[in-house]
Amino acid sequence: MLVTFDDLLVRARDLARDGRRAVLGIAGSPGSGKSTLAEHLVRALNGPDGSWAAQVPMDGFHLADAELDRLGRRDRKGAPDTFDAAGYAALLRRLREEDERPDGETVYAPGFERVLEQPVAGALPVPPSVRLVVTEGNYLLLDTGAWSRVRPHLDEVWFCETEERERVRRLVARHERFGKDHDAAVAWVLGSDQRNADLVAATRDRADLIVPASAVPQPGEPQACAPPEHGPAGRG
């Protein structure tokens, strides 16, 4: 059965149909389209205004370069042990617990600055009105170490799957866009990024849904909106 972006909108909206806050995870190898899909879902579910959905990326839990230097892991930045996995799991737990409180407060999540390649604390507000949190990252389905604490806090996890040549092309272009020369970008993609991609690919079968590249809107495509019966709604 062919999965479309409209199908994904309906499925995402239904996760929070009972009024409680839901958390949707989007996993996949580097360059597979996770962030693009998350951005389009949140934009379409929120409509022109409102805060029914929010995006909280795993990348906000990158360890800072200074800490990676101290640990001797800077040359492997992006590997599972270069993130604060326990902190990420704790944030997901807090997002759920705050929703259960009658006096729930805004939760501030860290973001990630691509130009600096550094996490930024308190960059992403998740107000009490948010019914769906969309979080994306490579290692949501990893079941080793502190990463195993992540999956229990996710209602569903979708896995983005992209043809390998296109995935590599996107990654090289991304690294060039943020400052690497072509040779350095290719070396990083075929080295560190590829080792991470192989690890992520091995988690594919644990996903609730496989999302083909054809279901992820590309730049320049018209923006879809959630169908009226599945559109944004107030809390509860």
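The values are calculated or read from the model by the stated rules, or taken from the named source; none is laboratory data. This one's a predicted model, so the numbers in the text were calculated from it and none came from an experiment. Neighbour counts are summed over all protein chains in view; Cβ atoms, including those assigned to glycine, are modelled from backbone coordinates with ideal geometry.
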*Would you say Ala89 is assigned to a helix (DSSP H, G or I) and at pLDDT 95 or above?*
yes
*If you scan region 98-113, which residues turn out to be within 18 Å of Trp52 (Cα to Cα) and either in contact with a Pro (Cβ under 8 Å, 6 or more places away or on another chain) or buried (at least 17 other Cβ atoms within 10 Å of the Cβ) (or both)?*
Glu98, Asp99, Gly104, Glu105, Thr106, Val107, Tyr108, Ala109
*For region 210-218, does any single residue satisfy the condition of being surrounded by fewer than 20 Cβ atoms within 10 Å (Cβ to Cβ) and modelled with pLDDT under 85?*
yes
*Have a look at Leu116, Leu95 and point out the one that is surrounded by fewer than 18 Cβ atoms within 10 Å (Cβ to Cβ) and either among the β-branched types (Val, Ile, Thr) or within 27 Å of Val200 (Cα to Cα) (or both).*
Leu116
*May I ask you to say which residue of Leu45, Leu124 is part of a helix (DSSP H, G or I), at pLDDT 95 or above and not charged (D, E, K, R)?*
Leu45
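Yes/no per residue for (1) over 20 Å from the mean Cα position of the chain (by Cα); (2) closer than 20 Å to Phe112 by Cβ; (3) at pLDDT 95 or above:
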position: Asp143; (1), (2), (3): no, no, yes
position: Arg149; (1), (2), (3): no, no, yes
position: Cys160; (1), (2), (3): no, yes, yes
position: Val168; (1), (2), (3): no, no, no
position: His175; (1), (2), (3): no, yes, no
position: Phe178; (1), (2), (3): no, yes, no
position: Ala185; (1), (2), (3): yes, yes, no
position: Val189; (1), (2), (3): no, yes, no
position: Ser192; (1), (2), (3): no, yes, no
*asked:* Report every pair of residues separated by at least 6 positions or lying on different chains whose Cβ atoms are under 9 Å apart, first residue within region 104-123 and under 25 Å from Arg20 (Cβ atoms), second of a type in the set (S, T, N, Q) and part of a strand (DSSP E or B).
replied: Ala109/Thr135
*Restricting the first residue to region 191-205 and requiring it to be at positive phi and in a helix (DSSP H, G or I), which pairs with a second residue that is modelled with pLDDT of 90 or more and surrounded by 16 or more Cβ atoms within 10 Å (Cβ to Cβ) meet a Cβ separation below 6 Å and a spacing of at least six or different chains?*
none
_For region 31-62, which positions are in contact (Cβ under 8 Å) with a residue 12 or more places away in the chain, surrounded by fewer than 19 Cβ atoms within 10 Å (Cβ to Cβ), out of contact with any Gly (no Cβ under 7 Å at 6 or more places or on another chain) and farther than 21 Å from Ala185 by Cβ?_
Glu39, Arg43, Gly50, Ser51
*Evaluate region 130-140: report whether one residue or more is farther than 18 Å from Lys34 by Cβ and in contact (Cβ under 8 Å) with a residue 12 or more places away in the chain.*
yes
_Of residues in region 92-121 being touching a Gly at 6+ places or on another chain (Cβ under 7 Å) and more than 26 Å from Asp193 (Cβ to Cβ), the one modelled with the lowest pLDDT_ = Glu98
*Check off (1) in contact with a Pro (Cβ under 9 Å, 6 or more places away or on another chain); (2) touching a residue at least 24 places away in the same chain (Cβ under 8 Å); (3) surrounded by fewer than 17 Cβ atoms within 10 Å (Cβ to Cβ) for Asp143 and give me the number that stays unchecked.*
(1)
*Val157 fails exactly one of the following numbered conditions: (1) part of a loop (DSSP other than H, G, I, E, B); (2) crowded, with 20+ Cβ neighbours inside 10 Å. What is the number of that condition?*
(1)
